[in-house]
1. Does LYS79 qualify as being under 27 Å from MET1 (Cα atoms), among the charged types (D, E, K, R), part of a strand (DSSP E or B) and in contact (Cβ under 8 Å) with a residue 40 or more places away in the chain?
2. When you go through (1) modelled with pLDDT under 95; (2) touching a helix residue (DSSP H, G or I) at 6+ places or on another chain (Cβ under 9 Å); (3) surrounded by 12 or more Cβ atoms within 10 Å (Cβ to Cβ) one by one for ASP95, which number turns out not to apply?
3. Being over 10 Å from the mean Cα position of the chain (by Cα) and either in contact (Cβ under 8 Å) with a residue 24 or more places away in the chain or surrounded by 10 or more Cβ atoms within 10 Å (Cβ to Cβ) (or both) is true for just one of TYR64, TYR73. Which residue is that?
4. Identify the residue in the stretch 8-42 that is in contact with a strand residue (DSSP E or B) (Cβ under 9 Å, 6 or more places away or on another chain) and among the acidic types (Asp, Glu) and, among all such residues, is surrounded by the fewest Cβ atoms within 10 Å (Cβ to Cβ).
5. Any residue in the stretch 21-30 that is more than 23 Å from ASP87 (Cβ to Cβ), in contact (Cβ under 8 Å) with a residue 40 or more places away in the chain and in a helix (DSSP H, G or I)?
6. Name the pairs: first residue in the stretch 1-17 and at pLDDT 95 or above, second residue assigned to a loop (DSSP other than H, G, I, E, B), Cβ to Cβ under 9 Å, at least 6 apart or on different chains?
7. Look at ASP33 and say whether it is in a helix (DSSP H, G or I), over 14 Å from VAL82 (Cα atoms) and either of a type in the set (Asp, Glu) or in contact with a Cys (Cβ under 7 Å, 6 or more places away or on another chain) (or both).
8. Kindly provide the set of residues from the stretch 43-61 that are part of a strand (DSSP E or B) and surrounded by fewer than 10 Cβ atoms within 10 Å (Cβ to Cβ), ordered by number.
Amino acid sequence: MKAPQDIILTPVITEASMANVQLRKYTFKVAKDANKIEIVKAVEALFPGTKVAKINTVNCRGRYKRMGQTGGYRPSFKKAIVTLKEDSKTIEFFDTML
C-alpha cells in the first residue's frame with residue numbers, strides 16, 4: 001500500500017477550483033494509478049477531521065507545446081475533485097487562499 005503523500009501529489013489552484021471551495025469541493029493532482037478508495041483514505045489521513053462524501057476523478061491528457069521549431073507534449077496527469085460532508089472539517093490550506 002502506498003503512503004498518502006504518494007497518492008495526493010499537489011493541490012490544484014485555479015479560478016475554477018477556488019470557486020468550488022465554497023461548495024466544499026477541493027481539487028488535487030493525484031497519482032495516475034490511484035483509485036477512488038485510495039484517494040478517500042489518503043485525504044482523510046492527510047487532513048484529520050475531514051469526511052469525504054464523494055470523489056470525481058479526471059484523466060487529463062498532456063497538451064501539445066512548442067519550443068521554437070520542435071514540439072512535444074506536456075505530461076498527462078490525473079485530477080481528483082473531493083467533496084466533503086457537511087459535518088466535516090474544512091481543509092485549512094484552501095481557506096487561506098481565499
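1. yes
2. That leaves (3) as the condition not met.
3. None of the others qualify; the one that does is TYR73.
4. Ranking the candidates gives ASP33 first.
5. no
6. Note: pairs meeting the criteria are ASP6/ALA31; ASP6/ALA34; ILE7/ALA31; ILE7/ALA34; ILE8/ALA31; ILE8/ALA34; LEU9/ALA31; PRO11/ILE91.
7. When the stated conditions are applied, ASP33 does not pass them.
8. Within the stretch 43-61, ASN59 is the sole residue that qualifies.
The values are calculated or read from the model by the stated rules, or taken from the named source; none is laboratory data. Here the structure is a predicted model, which is why all the values come from computation and not from measurement. Using ideal geometry, Cβ is built from the backbone for each residue, glycine included, and neighbour counts are taken over all protein chains shown.
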